[in-house]
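Working notes, structure below.
The values are calculated or read from the model by the stated rules, or taken from the named source; none is laboratory data. Only a predicted model underlies this, so the values are computations on that prediction, with no experimental measurement involved. Methodologically, a virtual Cβ is constructed for each residue, glycine included, from the backbone with ideal geometry; neighbour enumeration extends over all protein chains shown.
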Amino acid sequence: MKLFRLIFFFCNILILLTSCSKEEVKKSIIKEKSLDLQVLEVYKEGMESLEAGDIFFAAKKFNEAETLFPQSEWAPKSSLMAAYSYYTQDYYFDTISELERFLRVYPKHKNLDYAYYLLALSYYEQIVDEKKDLQSIIKAKKYFSIVTKNFPNTEYAIDSEFKIDLINDILAAKEMYIGRYYFQKKKWIPAINRFRTIIDDYETTIYTEEALHRLVEVYYTLGITEEAKKYAKLLGYNYQSSQWYEKSYSVFDKTYEKNKRANLKKSKKNKSFIKKFKSLLD
């Protein structure tokens, strides 16, 4: 009889524990589903606010959605959308801040390519003057380069390559601007360094031809004719038909420009004579 009571007692305890365990699992599932629904609702509010143009409220809602359920798949999406909200209205400082946080918190997320691309754009859009916005130029090139290097087969890589070419033109223009200044002030060594930087680092830009010609001028002025000839040959080999090659040629042949002007004047006279002759036949 005592054995039967003991067995009955343990059975009741077992049933009670099983029931509590099921109740806890059920409550946990309900809570999780409820939390996921809350995140979706807040995320939806953020999207609606973004479409309405209220970007600050939208960003706030996206941040809220991320905070509500950090472990959900909506958290990194919300973080990116907060950054994008600021970007749409040119609030680049806030965009950059959000994206830098995203990269710290979600370093292996599948949308890293977009995050780096948007970060690069945020710096690129701030470039106004190559003489003043050097920090933005350098940062933009850095992040566009990350996109082309780490995500070469994405749609963002194509535009990043194009933007890098434009940035190189800007940087080369800056070097040329400073190089010309040193050249005018007859500070030959700093001028040479600037023109060499264009040739070494930005050889695909439109300033390469002029940089080569400027080096011809500097070295010829300094009496280092062999070095001047070296750059003149390089200019002639790559850009023989350019105006800068003609200018470099005239550095060595002082009569070249004079003869060119004389031939041009003679050509104009011949054309004028032909026109007059034709008018007699009309």
Answer yes or no: is there a residue in the range 179-188 that is crowded, with 16+ Cβ neighbours inside 10 Å, within 21 Å of Gln135 (Cα to Cα) and not β-branched (Val, Ile, Thr). yes
Here the qualifying pairs (Cβ atoms under 7 Å; residues six or more apart or on different chains; first in the range 210-224 and in contact (Cβ under 8 Å) with a residue 12 or more places away in the chain; second in a helix (DSSP H, G or I) and charged (D, E, K, R)) come out as His213/Lys247; Tyr219/Glu227
Wholly enclosed helices (runs of 4 or more DSSP H) of the range 197-282 bearing at least 2 residues out of contact with any Leu (no Cβ under 6 Å at 6 or more places or on another chain), modelled with pLDDT under 80 and of a type in the set (A, V, I, L, M): 255-281
So which of Ile164, Ile137 ends up being β-branched (Val, Ile, Thr), touching an Asp or Glu at 6+ places or on another chain (Cβ under 8 Å) and within 30 Å of Phe93 (Cα to Cα)? Ile137
If you go through the range 134-152 one residue at a time, how many are touching a helix residue (DSSP H, G or I) at 6+ places or on another chain (Cβ under 7 Å) and either part of a helix (DSSP H, G or I) or of a type in the set (S, T, N, Q) (or both)? 11
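So is Leu68 over 30 Å from Glu175 (Cα atoms) and free of Cβ contacts under 8 Å to residues at least 12 places away in the same chain or not? Reasoning before the result, please.
Working: over 30 Å from Glu175 (Cα atoms): yes; free of Cβ contacts under 8 Å to residues at least 12 places away in the same chain: no.
Judged against the criteria, Leu68 is not a match.
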Please determine, by comparing only the residues of the range 154-196 that are of a type in the set (Ser, Thr, Tyr), closer than 25 Å to Lys139 by Cβ and in a helix (DSSP H, G or I), which one is nearest to the chain's Cα centre (by Cα). Ser160
Against the condition under 30 Å from Leu99 (Cα atoms), surrounded by 14 or more Cβ atoms within 10 Å (Cβ to Cβ) and not aliphatic (A, V, I, L, M), how does Lys163 come out, does it pass? yes
Failed condition for Tyr117, given (1) free of Cβ contacts under 8 Å to residues at least 40 places away in the same chain; (2) touching a Ser or Thr at 6+ places or on another chain (Cβ under 8 Å), with all others met? (1)
